[in-house]
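I have placed the structure first, in the form of structure tokens, so that the comments after it can refer back to it.
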Amino acid sequence: MAVTSSALDHRILRVLLKMNKYNLLCILYCSFGAFFYGYDSGLTTSIIGYPEFITYFNFNATTLGALGSAYYAGNFAGSLVNLWLPDKVGRLKTVQIAAVISIVGAGMQTGAHSLGVLLAGRAIGGIACGIIVSLCPLYASEISPPHVRGRVGGLYK
Amino acid sequence: MSIAPLVECSTDIVSSSININASYCLTEWMGLGFSYIEGSAGGLKWRLFIGLQLLCAAIMLAGSIWMPESPRWLVVQKRHDEALAVLSKLHGTQVHENEDTEGMPFYRREYEQIEAQIRLEQETPRFGLISILKRPSYRKRLFIILFFFCFQQLTVSQPETRQAKSTTILTRCRQSSHYRTTKSSFTGL
């Protein structure tokens, strides 16, 4: 059966409008988790274009690689935390814990005076983002009404 | 017919991936913007740029005050009253005109369904990792998933590594930093 794109758009719109405002805000909150991840992980690609940043920490090719990898190592650890923490303390508390961890990590990065502190802050921030980026789709699918609930959680896990 | 659930399923996934890409894009443009800040210390531009992560985390933490706990998790924890309260707040106004409601509100029927599903899951024995590895057909599926995700990550992600290489090369070519940030905001590299 052929489905035209306008029919598809109409369908998505109808689905989105068929939930109450509070529910829509909750789902938007969850998708802010994706923005959070995008900002945190995306910023290094721009920041290493700043000569001041490079000279401040005296970067070379190896330490630049470490800067990129520290974050993803943290991501890995954060995703592993998701195997048990959300089931144990609940989805909402896990998001709150991750936000607090992220504040610690971002604080370390912002105030960093040595490369060690910067990399440690990056790794800690990575743990927080690893938790949020894999938990938010699951959380969103659990609080959304059944007609929009996808296999999002399964896909991201 | 069978396309309907698919369309509905994809809404969340699409919104999430649009969000990630939009924020990548925005971040690169912000990076370009911040690179024009002139400061005697020089630390201001990158400290400001990194420091905005604090704002994201603070929004996440502040927003969580109004968020409900997942009703599914509450049912698993046997906190049934709270689960029902959350469902009524989320889907209390839900109207499904084409279904036979039998006088029962929508959120109530949803609650019954969640509870029945969780009871079924708890009664049936769990599929462990070992049983998946033992059976060839499941093993094959597991490997396909692992293969797919690993290679997807290897080919698409890790912008930092590519950027590190291109930055090193460009620094050797002595190109201006604005050129580099502009280039990165267009290509995302």
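The values are calculated or read from the model by the stated rules, or taken from the named source; none is laboratory data. Just so we're clear, the structure is a prediction, and the values are computed from it rather than from any experiment. Ideal geometry is used to build each Cβ from the backbone, glycine not excepted, and the neighbour counts take in all protein chains shown.
Do we have A:GLY68 as at pLDDT 90 or above, in a helix (DSSP H, G or I) and either within 25 Å of B:GLN153 (Cα to Cα) or among the β-branched types (Val, Ile, Thr) (or both) here? Lay out the reasoning, then the answer.
Values: at pLDDT 90 or above: no; in a helix (DSSP H, G or I): yes; either within 25 Å of B:GLN153 (Cα to Cα) or among the β-branched types (Val, Ile, Thr) (or both): yes.
No, not satisfied.
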Which numbered condition B:LEU54 fails, given (1) in a helix (DSSP H, G or I); (2) surrounded by fewer than 19 Cβ atoms within 10 Å (Cβ to Cβ); (3) over 22 Å from the mean Cα position of the chain (by Cα): (3)
Hey, A:ASP40 in a helix (DSSP H, G or I), in contact with a Phe, Trp or Tyr (Cβ under 9 Å, 6 or more places away or on another chain) and exposed (fewer than 15 other Cβ atoms within 10 Å of the Cβ) or not: no
